[in-house]
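Bear in mind that the values in this text are calculations on the coordinates, not laboratory data. Since this is a predicted model, take the numbers as computed values, not measurements. Here the Cβ is made from the backbone with ideal geometry for all residues, glycine too, and neighbour counts use every protein chain on show.
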Amino acid sequence: MTTRAWVLHPDIQTNRDRKDPQPALEEAMALAHALPGLEVVGGEVVRLPKAHPGQLFGSGKLEELRQRLTDQEIGLVLIDGPVSPVQQRNLEKAWKTKLLDRTGLILEIFSDRARTREGVLQVEMAALSYQRTRLVRAWTHLERQRGGLGFVGGPGETQIEADRRAIDEQLTRLRRQLAKVVKTRELHRAARAKVPFPIIALVGYTNAGKSTLFNRLTGADVMAKDMLFATLDPTMRAVDLPSGRRVILSDTVGFISSLPTQLVAAFRATLEEVLAADLILHVRDISHDETEAQDADVRRILSDLGVDENTRVIEVWNKVDLLAEEEQLALIRQAERREDVVVVSALTGLGVEALLAEAEHTLDEVRMRKELILSFSSGKQRAWLYDQGVVEAEQQTDDGFVVTVNWTQGQARQFHEL
């Protein structure tokens, strides 16, 4: 059974983070199309002088929308923005239909796409955190109270408090399970660290073409579709650069503007692959009308994640095949004048060889030579350096060893964490 859905983008004039409404509506509709079982009937921008605290829309607009939703037999309204629990309850009552805000919709998509144990746990945790905020204090009368014995203190707990406590207990269980999964991932990462292969991470706005590029570079068969969040769980493969040098390529979940805070926190462990990378390939859909805004969103999220500003980034201007020939040539000339920019088409293969060559050149550049002073008791660190194959020279002194290493920034971070 498909559910008929209608998308609304509230264009609130007083909102300081207000976006260009038409592209924002188009992205929200693309999000709706990404969720199976929905028939997206239509969508519209609703201009509001300010948000009504109780029902988001004014009474006139509320009635106008109710009539439209009834005429179209809409079963689900998707609102592109935050909706408070009180607003959600009042709107569902007024329109007699189910309602999801942007966070709820993204959670639904992630829940549908998660495949790995870690992904499923992270989505479930994010969904419970979101659900906890949706518990509107609707039942506070005595019939909804569960009796206490009287000597514990207070008349018992209301149903909402019981629900909240049940969610908190479930969150605690999930955190324990996720900690085990994350520990396994850390062990895998530590095992990879012993093999001196640099890590290259693909990042970018959702639907920028990361998975198509990943498949092109690795020969893998990762799901790559023209839809938002086609990839959710991270995938890693070995890739040989033109010189024969081997690297590990990591495909990650796509970023999006206004990513729910619950998801940023839940997926931090997954995105730690980006933090461990020696090189980041920032894949951009250069044909998109909002490519500059998407670029700013990705950079902001990378900064929030704590990506070191010293980590080298190559901008990959993808989907150039969707542009006219003159625009392609202009972009190629523009990229030639800039460092760390490569124009490609992951679909046709245009520019992929140049991208691999640029990646190799950048990795060679980012290796740093450094002198380390190690005491005789630093046997673990010294053994790790030799395992990594980064030691160029070593001299013994009265106090220990002076070791000259030639390593990547990622290896330097790993060494300081030992």
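For region 273-383, taking the reciprocal of the average inverse distance between every pair of different Cα atoms yields a Kirkwood hydrodynamic radius of 16.2 Å. Per-residue extension of 0.36 nm, minus the Cα-Cα distance of Val402 and Ile373, leaves a gain of 10.0 nm for this segment. An ellipsoid equivalent to region 3-110, defined through the eigenvalues of its Cα gyration tensor, has semi-axes of 19, 17, 13 Å when rounded to whole angstrom and sorted largest first.
Backbone amide hydrogens, once placed in the peptide plane, bring Val46 within less than 5 Å of His9, Asp11, excluding anything fewer than 5 places away on its chain.
Label-to-label distance for Lys98 and Val86 is 2.6 nm, based on points extended 7 Å past Cα in the beta-carbon direction. For a paramagnetic label modelled on Lys50 (point 7 Å from Cα along Cα→Cβ), amide N atoms under 20 Å away belong, within region 6-29, to 10-19. For Lys98, which lysines qualify as cross-link partners when the Cα separation must be under 29 Å and same-chain residues fewer than eight apart are set aside? Result set, ordered by chain and number: Lys19, Lys50, Lys61, Lys225. When peptides 207-218, 241-252, 298-309, 373-384 are sorted by average Cβ neighbour count within 10 Å, with the highest value leading, the order is 207-218, 241-252, 298-309, 373-384.
Each residue of region 302-316 is assigned a 3J(HN,Hα), and the resulting list reads 4, 5, 4, 6, x, 5, 4, 5, 7, 5, 6, 10, 9, 7, 10 Hz, derived from the Karplus form 6.51 cos²θ - 1.76 cosθ + 1.60 (θ = phi - 60°), x at Gly and Pro.
May I ask you to compute the full-extension gain from Ala412 to Ser303, defined as 0.36 nm times their residue separation minus their alpha-carbon distance, rounded to one decimal in nm? It would help to have the intermediate numbers written out before the result.
Working: separation 109, 0.36 × 109 = 39.24 nm, distance 1.97 nm.
Gain on stretching Ala412 to Ser303: 37.3 nm.
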